[in-house]
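The structure appears right after this line, and notes come after that.
Every number here is computed from the coordinates shown, using simple stated rules; none is lab data. Note that the coordinates shown come from a computational prediction; the quantities given were computed from them, not determined experimentally. Neighbour counts are summed over all protein chains in view; Cβ atoms, including those assigned to glycine, are modelled from backbone coordinates with ideal geometry.
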Amino acid sequence: ILALKVSQLVLLSNYFFFVGGRLNKEPPNLTFRKKDKGGINFTSTVTNTHLDLDTVKAICSEYRIHNADITLRYDATADDLIDVIEGSRIYMPCIYVVNKIDQITLEELEILDKLPHYCPISAHLEWNLDGLLDKIWEYLDLTRIYTKPKGMNPDYEDPVILSSKRRTVEDFCTRIHKDMLKQFKYALVWGSSVKHKPQRVGKDHELEDEDVVQIIKKV
């Protein structure tokens, strides 16, 4: 977390972009594959407003690429194609925290509220710190899973944290201990990912935020 003026923020964001960072952007949904012959093969599943075959060939030529298959699944730009060819981009979420909101007018606060990726707070008066925490949780795209030892209540104080993209029971077991899968028989799950409370599931079952899991081991 850095305390920056607007001018400093712009300079830092530009520098981050220059060294390959991409803030609040998903990796381009396109496929780029080099090949030994056959020229540049360009296909798309959507209407393109930024790229055509000549533009794609010109970009590839700059990188001395003369044979490749390129498939677009959305309306990609030239910069998107360059990012994929470079292959060294870092995509990460970013929240701009605006402090001292107690010193601005209500009209200014309403304008800030419309800006993307911003969260206004007052560190001194502790305003909207819970809102900042919720936004951090949302941007990191995490899932909280609570453990329930046999015969005991769930442990709501120390959840197992999983990525929302890797949140199966197997991922849950691996996060606790790498050897747990060797003893895994099945799991009992309470929460929004199941219809019954509890429900018996296997290791491929996908968990939802704040599910409760009890692992049943082999005898």
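Have a look at the DSSP beta bridges in the chain and tell me what percent are antiparallel, nearest 5.
60 percent
Compute, for the range 21-91, the length of the dipole vector about the Cα centre, with Cβ point charges of +1 (Lys, Arg) and -1 (Asp, Glu) only. Units Debye, rounded to 20.
So the dipole magnitude of the range 21-91 works out to roughly 280 debye.
(i) 41; (ii) 53; (iii) 19: which one is percent of Cα pairs over 30 Å apart as calculated from this entry?
(ii)
Run lengths n ≥ 4 of DSSP H only: what is the helix-derived mean residue ellipticity at 222 nm for the chain, with -39500 (n - 2.57) per run over all residues, to the nearest 500?
-8500 deg cm²/dmol
Quick one: order T174, T143 by neighbouring beta-carbon count within 10 Å, fewest to most.
If I rank by nearby Cβ atoms, fewest first, I get T174, T143.
Provide Rg and Dmax in Å for the range 96-140, with only Cα atoms included in the calculation.
10.3, 31
Given contacts defined as C-alpha pairs under 8 Å and at least six residues apart, what's the relative contact order of the chain, whole-number percent?
Contact order relative to length: 14 percent.
Please state the shape class of the range 142-217: rounded when a/c is under 1.5, otherwise prolate if a/b exceeds b/c and oblate if not, all from the C-alpha gyration tensor.
Since a/c stays below 1.5, the shape of the range 142-217 is classed as rounded.
How big is the dipole moment of the chain about its Cα centre under a simple scheme where the beta carbon of each Lys and Arg is +1, that of each Asp and Glu is -1, and everything else is neutral? Debye, nearest 20, please.
Dipole magnitude for the chain comes out near 1440 debye.
Using the reciprocal of the averaged 1/r over all distinct C-alpha pairs, how large is the Kirkwood radius of the range 54-133 in Å?
Result for the range 54-133, one decimal place: 16.5 Å.
Using packing as a proxy for protection, rank 61-71, 10-20 so that the peptide with the highest average count of other Cβ atoms within 10 Å comes first.
61-71, 10-20
Compute from the Cα atoms of the range 1-124 the Rg and the Dmax, the latter being the longest Cα-Cα distance, and quote both in angstrom.
19.9, 64
Among L51, S88, A76, pick out the residue whose Cα is farthest towards the positive end of the charge dipole of the range 21-91, where Lys and Arg carry +1 and Asp and Glu carry -1 on C-beta, about the Cα centre.
Farthest along the dipole direction, towards plus: S88.
If you average 1/r over all unlike Cα pairs in the range 21-91 and invert the result, what Kirkwood radius do you get in angstrom?
Result for the range 21-91 stands at 12.4 Å.
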